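What follows is calculated from the coordinates using simple rules that are stated; it is not laboratory data. Computed from a prediction, not measured in an experiment: that's the story for all the values here. FYI the Cβ positions are ideal-geometry reconstructions off the backbone, even for glycines, and counts take in every protein chain you see.
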Ligand SMILES: [Zn+2]
């Protein structure tokens, strides 16, 4: 069971690699969907095609899980360049500010995507 819509399914590893970050794209409205849906949440289309994310995204915000007597756990909410959002983990101990560019690194055994902060090479076009 890969609830997050991440690999593998039979045969997928050959196409996308064993730890790819996969999503579905609706062939009717082009929405990107994460989580292995059977219907598009935007238009209820049934024609969802699997694609493989390039793995680049931006930290949108953090979900905070309070803990008694300790600092809250922070789970980053990441918007991938393809337009879908995931919650995941970061490789860094110190959470970067929202807006920081991140790159997908790998999935944990529990199919949780892990990201690392990414600094764009100097001279590359900046995203808004
Ligand atoms: Zn759709």
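In a loop (DSSP other than H, G, I, E, B) and away from the ligand (no atom under 16 Å from the Cβ): is that true of residue 54 in this structure?
Yes, satisfied.
Could you count how many residues in region 25-35 are in contact with a strand residue (DSSP E or B) (Cβ under 7 Å, 6 or more places away or on another chain) and more than 10 Å from the ligand (Cβ to nearest atom)?
Number of matching residues: 1.
For region 60-75, indicate whether the set of residues that are more than 12 Å from the ligand (Cβ to nearest atom), part of a loop (DSSP other than H, G, I, E, B) and over 18 Å from residue 116 (Cβ atoms) is non-empty.
Among the residues of region 60-75, at least one is more than 12 Å from the ligand (Cβ to nearest atom), part of a loop (DSSP other than H, G, I, E, B) and over 18 Å from residue 116 (Cβ atoms), which makes the answer yes.
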